[in-house]
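Please read the structure below before turning to the comments.
Every number in this text was worked out from the coordinates using simple rules, so none of it is lab data. From a predicted model like this one, the values you see are computed outputs, not experimental measurements. Using ideal geometry, Cβ is built from the backbone for each residue, glycine included, and neighbour counts are taken over all protein chains shown.
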Protein chains: 2
Amino acid sequence: MVRIDDVAKRAGVSISTVSYALSGKRPVSERTREKIHLAARELGYLPNAGARMLAGRRTHIFALTEPFRADTHAPSHMAFVLAASIAARRHGYDILLLTDEDASQGMRRVEASGLVDGIIVLDVAPNDERAELARSIATPTVFVGVPNDATGLMCVDLDFSAAAATAVDRLADAGHRKIAMLGHPAGHYEATNYAPRVRQGFRDRARERGLDAVFRPLSETQFAAEDAYRLTLEFLDDGVTGIVLNSEERSYKAVLDAVSARGMDVPRDVSLISVGAIFDTSGYHRAIDSIPLIPERSCDLALEELVDAVERQQLDPGVRLVTPEYRSYGSVGAHSSSPRGSGPTP
Amino acid sequence: MVRIDDVAKRAGVSISTVSYALSGKRPVSERTREKIHLAARELGYLPNAGARMLAGRRTHIFALTEPFRADTHAPSHMAFVLAASIAARRHGYDILLLTDEDASQGMRRVEASGLVDGIIVLDVAPNDERAELARSIATPTVFVGVPNDATGLMCVDLDFSAAAATAVDRLADAGHRKIAMLGHPAGHYEATNYAPRVRQGFRDRARERGLDAVFRPLSETQFAAEDAYRLTLEFLDDGVTGIVLNSEERSYKAVLDAVSARGMDVPRDVSLISVGAIFDTSGYHRAIDSIPLIPERSCDLALEELVDAVERQQLDPGVRLVTPEYRSYGSVGAHSSSPRGSGPTP
DNA sequence: TTGAAAGCGATACCAC
DNA sequence: GTGGTATCGCTTTCAA
């Protein structure tokens with residue numbers, strides 16, 4: 001094992017100078033700095049993790065708690081883990097996985113042993129037990145998602161409600177008067193924190209804009225596609241000309257199929273906008289405009305906050321909402337009281 | 001932060017006794033042992049991770065390298081990560097995620113900094129660059145999967161070839177003379193290490209048993225279901241009475257549909273056996289016998305090997321194959337030269 | 001701009 | 001069966 005002494009010897013300086021040259025925490029003359037970096041590179045030197053943890057007050061490790069729930073959507077979850085991991089590495093931190101034991105156990109353990117500098121909480125549930133725990137420990141913790149009671153917590157998430165509102169605005173601006181939202185199964189509105197925010201944003205903005213708006217959840221996940229198909233037909237037959245989608249991936253194709261089945265076209269007869277999707281919506285027969293949930297955005301911001309809290313030694317709680325991005329693929333068209341559509345509500 | 005001194009003081013003993021009592025590395029009298037454990041529990045004491053890493057020669061952390069490839073099947077991958085993580089915790093080890101940088105970088109980094117005691121390699125490719133790297137570093141490494149050149153490596157995996165052979169045996173024993181295997185798209189047989197082993201086991205055992213056997217890969221993932229449906233019809237029309245499945249999940253339903261479409265029944269007219277599936281095959285209209293790939297089996301064994309290598313300070317290379325388990329759900333029936341089937345090959 | 005040396009908090013050797 | 005203490009490799013204060 002290469003130690004700091006080896007580097008010091010090879011560069012002809014003291015170990016403290018090596019430490020400072022490599023960490024940059026103290027100015028070192030250009031010449032010695034180069035000698036040291038060269039020596040370190042040649043020897044393949046990296047500071048011993050344990051020693052660094054002990055002497056410094058930093059482990060350079062973040063814990064990532066992720067309850068592998070039964071209903072966890074694996075691809076999305078992986079995308080978040082990856083995004084968090086990459087963001088962490090960018091700041092020089094490694095990721096320690098906290099899975100098994102009931103999340104709280106793991107958090108307590110890394111807290112007590114000083115294994116990590118901070119904790120990242122993924123897959124946040126409305127009544128997440130980790131919220132209370134996070135308040136009770138000294139290790140800075142950031143939530144990617146927002147629990148019901150976010151008091152004293154650092155949270156980062158997409159502004160789902162603004163995303164839905166934006167979708168409504170787009171449709172309203174294009175002249176649509178009668179719109180609908182296809183949502184997740186009803187259970188999601190209890191089990192997740194984001195689904196209700198999407199629905200809320202949709203309803204509120206529709207009211208503000210004076211639109212005739214209807215919200216419909218899918219029934220059960222087992223039949224998402226069939227359900228989406230049926231509900232879409234109902235929408236169309238009701239004269240809906242703009243649909244906001246916030247449901248699982250396989251329902252999207254069904255929606256497009258239903259539109260075709262009525263001999264209609266997107267965006268000529270009906271406009272579609274996806275909200276909060278983590279998958280690509282541009283690859284369908286008809287690409288669908290999207291206000292996506294981008295794991296990188298949330299994770300990048302979350303890690304910025306966390307690193308900041310760790311290095312400034314104090315966290316400032318609060319919910320940071322990521323501004324939605326609108327991705328236009330041509331699925332929204334102008335509407336002017338078509339022969340098919342029923343008129344707007346008075 | 002609670003330190004070992006605090007515990008020692010509270011228990012009225014020296015810190016070395018505390019250390020020994022908690023680690024169990026030296027006999028301690030019943031009475032003092034209890035005093036110490038009580039004190040530790042009351043104070044919520046856990047040894048400081050950094051100090052433990054530095055003083056001991058163990059970090060109690062394993063790295064987990066997982067290249068998030070585009071073709072990675074998220075649910076399977078998550079199952080393996082979870083299984084590895086749980087197995088690690090059972091041995092007192094934490095899991096550090098190595099994702100970003102090209103896998104090798106991460107492995108080199110944790111090696112040089114002494115951050116981990118061992119490395120777990122998931123999602124092994126035939127020509128995995130991590131194989132060569134593993135040979136070049138001192139950190140014990142275990143592969144869950146088998147690269148082409150496994151020389152000097154510790155590998156653990158399901159015995160895919162034996163699994164396929166077992167499936168063939170079951171069909172042969174039940175009197176089937178003409179069987180088929182529905183495989184992954186052709187690309188899998190280059191890109192993965194297990195697919196060829198399944199095919200090999202299927203072909204070899206079929207030859208040994210003198211069966212008329214045909215292997216057919218799906219064409220492209222995009223149309224897995226359609227493909228499986230079509231191929232199954234061909235099998236049936238050809239007089240095949242036993243089908244071994246080793247293909248993606250959504251093709252299974254298609255196979256069952258195709259059987260129904262021909263007015264046939266499982267297992268009356270045709271027998272089905274799934275090989276190497278990680279998903280549940282018992283939930284279909286007709287439950288399908290399965291010789292599954294069980295992440296826990298592979299990971300448990302892999303971690304046993306790794307922990308052993310770490311603690312004995314020497315690894316013994318070799319490929320450990322997990323014995324397949326047959327799960328019977330009634331999709332295999334006896335066959336005796338049915339009117340539909342063509343006779344066996346001479 | 002650089003160096004000497006005091007910790008950081010455990011482990012484990014050596015005494016008793 | 002128990003206790004003192006050198007030691008692990010680095011960071012950082014204090015001095016020069």
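Assuming charge only on the beta carbon of Lys and Arg (+1) and of Asp and Glu (-1), the dipole of chain B about its Cα centre is about 1200 debye to the nearest 20. The simple spin-label model puts a point 7 Å past each Cα toward its Cβ; for A:ARG57 and B:ALA191 those points are separated by 4.9 nm.
Based on the convex hull around the alpha carbon atoms, the range B:49-205 presents an average projected area of 11.0 nm². Note on A:72-79: average number of Cβ atoms from other chains within 10 Å of each residue's Cβ is 4. Estimated from the Cβ-Cβ distance and a Förster radius of 35 angstrom, the FRET efficiency linking A:ARG320 and B:HIS73 is about 0.60.
Around the amide H of A:SER274, modelled in the peptide plane, lie the amide H atoms of A:LEU245, A:ASP289, A:SER290, A:ILE291, all under 5 Å away and 5 or more residues distant in sequence or on another chain. What you get for the range B:1-46, charging only the Cβ of Lys and Arg (+1) and of Asp and Glu (-1), is a dipole of about 100 debye around the Cα centre. Two numbers describe the Cα atoms of the range A:238-346: Rg and Dmax, which are 19.1, 63 Å.
Centre-to-centre, using Cα atoms only, the range B:238-301 and the range A:109-132 are separated by 41 Å.
For the segment B:90-99, counting C-beta atoms of other chains within 10 Å of every residue's C-beta and taking the mean gives 5.
Evaluated on chain A, the Kirkwood hydrodynamic radius is 22.8 Å, with distances taken between all distinct Cα atoms. Rounded to the nearest 0.05, the FRET efficiency derived from the C-beta distance between B:SER136 and A:GLU304 at R0 = 22 Å is 0.05. Diffusion coefficient (Stokes-Einstein, Kirkwood radius over C-alpha pairs, 4 °C, 1.567 mPa s) for the range A:184-256: 101 µm²/s, rounded to a whole number. Across chain A, the longest piece that holds none of the GluC sites (Glu not before Pro) lying in DSSP loops with up to 16 other C-beta atoms within 10 Å covers A:102-219. Once Rg and the Kirkwood radius are both taken over the C-alpha atoms of the protein assembly as shown, their ratio Rg/Rh works out to 1.03. With one equal scatterer per alpha carbon and no solvent term, the Debye-computed log10 I(q)/I(0) for the range A:138-209 at 0.19 1/Å reads -0.81. Short to long, the 10 Å bins of the Cα pair-distance histogram for the range B:28-94 hold 16, 27, 31, 16, 8, 2 percent of all pairs. Rounded to the nearest 10 degrees, what's the angle between the helix A:160-173 long axis and the longest principal axis of chain A, both from Cα atoms, 0 to 90? The helix A:160-173 is inclined about 40 degrees to chain A.
Taking one quarter of the surface of the C-alpha convex hull of the range A:160-291 gives a mean projected area of 6.9 nm². For the pair B:PHE215 and B:SER29, the difference between a 0.36 nm per residue extended length and the Cα-Cα distance amounts to 60.3 nm. I'd like the orientation of helix A:194-208 relative to chain A: the angle between its Cα long axis and the longest Cα principal axis, in ° from 0 to 90, rounded to 10. So the inclination is approximately 50 degrees. Of all lysines in the structure, the ones whose alpha carbon falls short of 27 Å from that of A:LYS178, not counting any fewer than 8 places away in one chain, are A:LYS253. Sorted from longest to shortest, the spans of the Cα atoms of the range B:1-46 along the three principal axes equal 27, 16, 14 Å. Could you pull out every one of the lysines with an alpha carbon less than 16 Å from that of B:LYS9, ignoring same-chain neighbours closer than 8 positions? Within the straight-line cut-off, B:LYS9 pairs with B:LYS35. Magnitude of the charge dipole for the range B:160-291, about its Cα centre and with charges confined to Cβ atoms of Lys, Arg (+1) and Asp, Glu (-1), is about 300 debye.
Relative to the dominant Cα principal axis of chain A, helix A:30-43 is inclined by about 80°.
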